[in-house]
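This is the structure, below, for whatever I ask next.
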Amino acid sequence: MISALNRPHELKLHVKGALRNGVPKEKIREVLLQVAIYCGVPAAVDSFRIAKEAIKEFESEQ
């Protein structure tokens, strides 16, 4: 929903929260693939870019 509404800051917060709660990166990838199907490829591309940034930031904080 956040991807469909184009809310990049919220998406980044939720990705980091998911990682903090133990969700593997592979599961986040699977969710974002569904974004491509239901919301369109442009929304998915942006979401993958934002998730990549969030993962990088999360890993640097560890």
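So, in region 1-12, how many residues would count as being under 10 Å from the mean Cα position of the chain (by Cα) and touching a residue at least 12 places away in the same chain (Cβ under 8 Å)?
Qualifying residue count for the region: 5.
Right, something else. Here is a check on your reading of the model: is A51 in a helix (DSSP H, G or I), in contact with a helix residue (DSSP H, G or I) (Cβ under 7 Å, 6 or more places away or on another chain) and either surrounded by 18 or more Cβ atoms within 10 Å (Cβ to Cβ) or not acidic (D, E) (or both)?
Details: in a helix (DSSP H, G or I): yes; in contact with a helix residue (DSSP H, G or I) (Cβ under 7 Å, 6 or more places away or on another chain): yes; either surrounded by 18 or more Cβ atoms within 10 Å (Cβ to Cβ) or not acidic (D, E) (or both): yes.
Criteria met by A51.
Inside region 42-62, can you point out the residues that are farther than 21 Å from L5 by Cβ and of a type outside the set (A, V, I, L, M, F, W, C)?
K56, E57, E59, S60, E61, Q62
Next question. In this structure, does V45 turn out to be exposed (fewer than 14 other Cβ atoms within 10 Å of the Cβ), among the β-branched types (V, I, T) and in contact with a helix residue (DSSP H, G or I) (Cβ under 9 Å, 6 or more places away or on another chain)? So that I can check it myself, show each step before the final result.
Details: exposed (fewer than 14 other Cβ atoms within 10 Å of the Cβ): yes; among the β-branched types (V, I, T): yes; in contact with a helix residue (DSSP H, G or I) (Cβ under 9 Å, 6 or more places away or on another chain): yes.
It is true that V45 is exposed (fewer than 14 other Cβ atoms within 10 Å of the Cβ), among the β-branched types (V, I, T) and in contact with a helix residue (DSSP H, G or I) (Cβ under 9 Å, 6 or more places away or on another chain).
List the residue pairs whose Cβ atoms are under 8 Å apart, where the first residue sits in region 23-41 and is within 15 Å of L5 (Cβ to Cβ) and among the β-branched types (V, I, T), the second is open to solvent by less than 90 Å² (accessible area, probe 1.4 Å) and outside any helix (DSSP H, G or I), and the two are 6 or more positions apart or on different chains.
V35/S3; V35/A4
Testing Q62 on (1) modelled with pLDDT of 95 or more; (2) surrounded by fewer than 16 Cβ atoms within 10 Å (Cβ to Cβ), one condition comes back false. Which one is that?
The failed condition is (1).
The values are calculated or read from the model by the stated rules, or taken from the named source; none is laboratory data. All values reported here derive from a predicted model rather than from experimental measurement. Quick reminder, even Gly has a Cβ in these numbers, built from the backbone with ideal geometry, and neighbours come from all protein chains shown. Side chains included, ligands, DNA and RNA excluded: accessible areas come from the protein's heavy atoms. Shrake-Rupley method; radii C 1.70, N 1.55, O 1.52, S 1.80 Å.
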